[in-house]
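The structure appears right after this line, and notes come after that.
Computed from the coordinates by the stated procedures, all read-outs in this text should not be read as laboratory data. Quantities reported herein were computed from a predicted structural model and do not represent experimental measurements. Cβ sites come from the backbone with ideal geometry, for glycine too, and all protein chains shown count toward neighbours.
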């Protein structure tokens, strides 16, 4: 158990819809990261928040947005969903900023039909 | 543009033998490399890392080798155990980046260790 909690674990929705994925980091971790893993692909970095502020951005689509709340949990909002958005979305957290050692949740599997 | 490549989608090894997983990268700005292991229905778990100032890092049965001139790293598992069966991801971080959590991952290699 990494200590990172993601909900929901599975989500099935239709094209054009909007969903919200939620992540609770490990106790005490200030950084939250979101990664996307599409079929047969490695994990793709989407975005990082540190103590409520956006810290780094990857190739995150404009239809996607995220935020980190004062209690440090984070939400990833995906809107105008397309078939290609079907993927595993991982949240990770870390305490120190400089090690690259991330603690990943179990992921949220999104299926867009 | 795949900056981190794991060209072997799968590897099968007998228990007790050595497993060698390979990873190539193209970005010269990468200066820190990590291996993660992932079991089904779980998130990736950090395994071992290496800084570009080193060419080897060892942790128990796991050793990572880095060849900067060839832009190649490898993970050696000796001896391999059935519990090592998992997907292994190579990842890299670029020097001077804004975030040490902004990892660039390879596609992963499925390791199967047979009893």
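What to note about this one:
- Tensor-based shape of the stretch A:1-56 (alpha-carbon gyration tensor, a/c under 1.5 rounded, otherwise prolate or oblate): prolate
- Where a label projected 7 Å from the Cα of residue B:14 along Cα→Cβ would reach, residues of the stretch B:100-115 with amide N under 18 Å: B:112-115
- For chain A, share of DSSP beta bridges that run antiparallel, in % to the nearest 5: 90
- Summary of packing: across the peptides B:52-64, B:16-28, the per-residue average of other C-beta atoms within 10 Å ranks them, highest first, as B:16-28, B:52-64.
- The stretch B:51-98: relative contact order in percent, alpha carbon pairs under 8 Å with at least 6 residues between: 23
- Over chain B, relative contact order from alpha-carbon pairs under 8 Å, at least 6 apart, %: 37
- In nm, spacing of pseudo-spin labels at residue A:54 and residue A:67 (7 Å Cα→C-beta vector): 1.3
- Annotation for residue A:82 and residue B:70: the two label points, set 7 Å from Cα along the Cα-Cβ direction, are 3.9 nm apart.
- Antiparallel content of DSSP bridges confined to the protein assembly as shown, in %, to 5: 90
- Antiparallel DSSP beta bridges within chain B, as percent of all bridges there, nearest 5: 90
- Calculated diffusion of chain A, Stokes-Einstein form, Kirkwood radius summed over Cα pairs, 10 °C and 1.306 mPa s, µm²/s: 114
- For the stretch A:36-100, a/c is not less than 1.5, where a ≥ b ≥ c are the root eigenvalues of the C-alpha gyration tensor, and a/b does not top b/c. That puts it in the oblate class.
- Residue B:110-residue B:58 FRET efficiency (beta carbon distance; Förster radius 22 Å; 0.05 resolution): 0.40
- Cα-Cα pairs of the protein assembly as shown separated by more than 21 Å (percent): 55
- Annotation: extensible slack from residue B:51 through residue B:3 equals 15.5 nm (criterion: 0.36 nm per residue apart, minus Cα-Cα distance).
- Across the stretch A:1-89, Cα pairs under 8 Å and at least six residues apart give a relative contact order of 31 percent.
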